[in-house]
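Structure first, commentary second.
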Amino acid sequence: MFFIIFFTIYGIINFYFFVKLKSILNFGWQFQLIISVFLLLMIFSPLIIRVSEKNGYETFAIGLSWIGYLWMAFVVLFLFFGILTDFGRLSMLVISKISGKNLFIILQKIPKTVYFLFPLGLSVIFLIYGYLEAMNIRVERFYIKSDKITKNVRIVQISDVHIGLIVREGRIKKIVEKIKEVNPDILVSTGDLVDAQIDRMNHIAELLKEIKTPYGKFAITGNHEFYAGLNKALFFTEKAGFKVLRNAGAKIKELNINIAGLDDTESERYGLKVNQDKVSLLNYFKNKGFTILLKHRPLIDKELIEYFDLQLSGHTHKGQFFPFSIATKLHYNNNDSGLTKINKDVYLYISRGTGTWGPPVRIFAPPEITVIDLLKK
């Protein structure tokens, strides 16, 4: 059902582009056929990419990923700006009718090509901007004071890196450099470290393994760990030097800090029991120090609030690129990134993500590495 809905919607978006293109170009059936074949290839490129990748055609899959996913970002932007342009034209016609002034004459003087080139130009500009923004990893910082810890400690969070066909050695080296610069005591990954097929990626795990922290590296599963194949994803994450917390916790006695991690709820689709003992898990740490909960999706379980001090999450990407950011804000009640105070002593932090899923584009949602300084009161 998901694939039916996805390909139907994506097909309509591409058909909108085809109609707009056809409205300004009187191309013959040969050119129309070429454009149609290209658009069909783009529509089904996510499926072709996965099949190619699974069957070992990695080079082809990488090439098509860059073309297909950049096109996806472009055509979604074109739809948005195209609809805005259409709405502007319609508004002028309505105003003409209401006011009695013939604004339609003005519209007739504007060449038809403008109504195509305007959204086209804006889409290209935003696509380039979004690609550059996706390369520019920000360091976000915040601090929390607590009398539960024994000394100041620095925690660095990465999330939604999506190592795969597009996020590869170059991006990981930048991430590793950024992390080393801020010198963390603890490193955590809040899910989606990998993206779907991750065969022949062990050398990238070695890059992440270079990050050394005095008090450990901890990770949890996101939904994409299950898409990648759970066993492969866990092997990769552990090879990168992380201890994977699957409905489990770890106590760092020297700091009086507890770190608990919950499996992503995607595991339910794979027949696994999810977080069935989460209350008892966190209850074990209650009143025994500062407890950090790692949970991929930024949803607060009311029954757990009394058991932790800080929840670190990701998943949203802050929409990754406009206009999807509107959808994430609506879905998460305007709380799809940043720090939120749940009550007097409990906080939630939602990372925008460190990598990209699908299109290597971020618009008004730059990638981040998060630095959390826990300061002793």
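Observations, loosely collected:
- Here Ser52 does not qualify as at pLDDT 95 or above and surrounded by 13 or more Cβ atoms within 10 Å (Cβ to Cβ).
- Output for the stretch 228-246, where each listed residue is of a type outside the set (A, V, I, L, M, F, W, C) and surrounded by fewer than 19 Cβ atoms within 10 Å (Cβ to Cβ): Gly229, Asn231, Lys232, Glu238, Lys239, Gly241, Lys243, Arg246
- Qualifying positions in the stretch 32-71 - in contact (Cβ under 8 Å) with a residue 24 or more places away in the chain and among the polar types (S, T, N, Q): Ser45, Ser65
- Restricting the stretch 55-81 to residues that are in a loop (DSSP other than H, G, I, E, B) and at negative phi, the residue that is surrounded by the fewest Cβ atoms within 10 Å (Cβ to Cβ): Asn55
- Within the stretch 74-91, the set of residues being farther than 12 Å from Asn14 by Cβ and among the aromatic types (Phe, Trp, Tyr) comprises Phe80, Phe81, Phe87.
- Only one entry of Leu208, Leu132 meets the criterion of being modelled with pLDDT of 95 or more, under 19 Å from the mean Cα position of the chain (by Cα) and assigned to a helix (DSSP H, G or I), and that entry is Leu132.
- Residue in the stretch 264-274 that is of a type outside the set (A, V, I, L, M, F, W, C), surrounded by 15 or more Cβ atoms within 10 Å (Cβ to Cβ) and within 30 Å of Asn152 (Cβ to Cβ) present: no
- Screening Leu255 on (1) part of a loop (DSSP other than H, G, I, E, B); (2) within 23 Å of the chain's Cα centre (by Cα); (3) surrounded by 15 or more Cβ atoms within 10 Å (Cβ to Cβ) shows it passes everything except condition (2).
- Selected residue (only one of Val114, Val194, Val161 is in the same structural domain as Ala248 (by TED's automatic domain parsing) and either in contact with a Leu (Cβ under 8 Å, 6 or more places away or on another chain) or without any contact (Cβ under 8 Å) to a residue 12 or more places away in the chain (or both)): Val161
- Of all residues in the stretch 340-377 being among the basic types (Lys, Arg) and more than 29 Å from Leu77 (Cα to Cα), the one that is surrounded by the fewest Cβ atoms within 10 Å (Cβ to Cβ): Lys344
- Restricting attention to the stretch 267-304, the residues being part of a helix (DSSP H, G or I) and at pLDDT below 85 number 4.
- Hits in the stretch 238-252 (condition: under 30 Å from Glu306 (Cβ atoms) and not in a loop (DSSP other than H, G, I, E, B)): Lys243, Val244, Ala248, Gly249, Ala250, Lys251, Ile252
- When each of Gly82, Gly88, Gly121, Gly56 is tested for being closer than 28 Å to Ser159 by Cα and among the small types (Gly, Ala, Ser), the lone residue that passes is Gly56.
- Only one of Phe226, Phe218 that is aromatic (Phe, Trp, Tyr), assigned by TED's automatic domain parsing to the domain that holds Leu312, at pLDDT 95 or above and outside any loop (DSSP other than H, G, I, E, B): Phe218
- Taking each residue of the stretch 278-302 that is over 24 Å from Glu266 (Cβ atoms) and in contact (Cβ under 8 Å) with a residue 60 or more places away in the chain and looking for partners that are crowded, with 19+ Cβ neighbours inside 10 Å and of a type in the set (A, V, I, L, M) with beta-carbon atoms closer than 6 Å, six or more apart or interchain, yields Gly289/Ile257; Phe290/Ile149; Phe290/Ile257.
The values are calculated or read from the model by the stated rules, or taken from the named source; none is laboratory data. Since this is a predicted model, take the numbers as computed values, not measurements. Please note: Cβ atoms are built from the backbone with ideal geometry, for glycine as well, and neighbour counts cover all protein chains shown.
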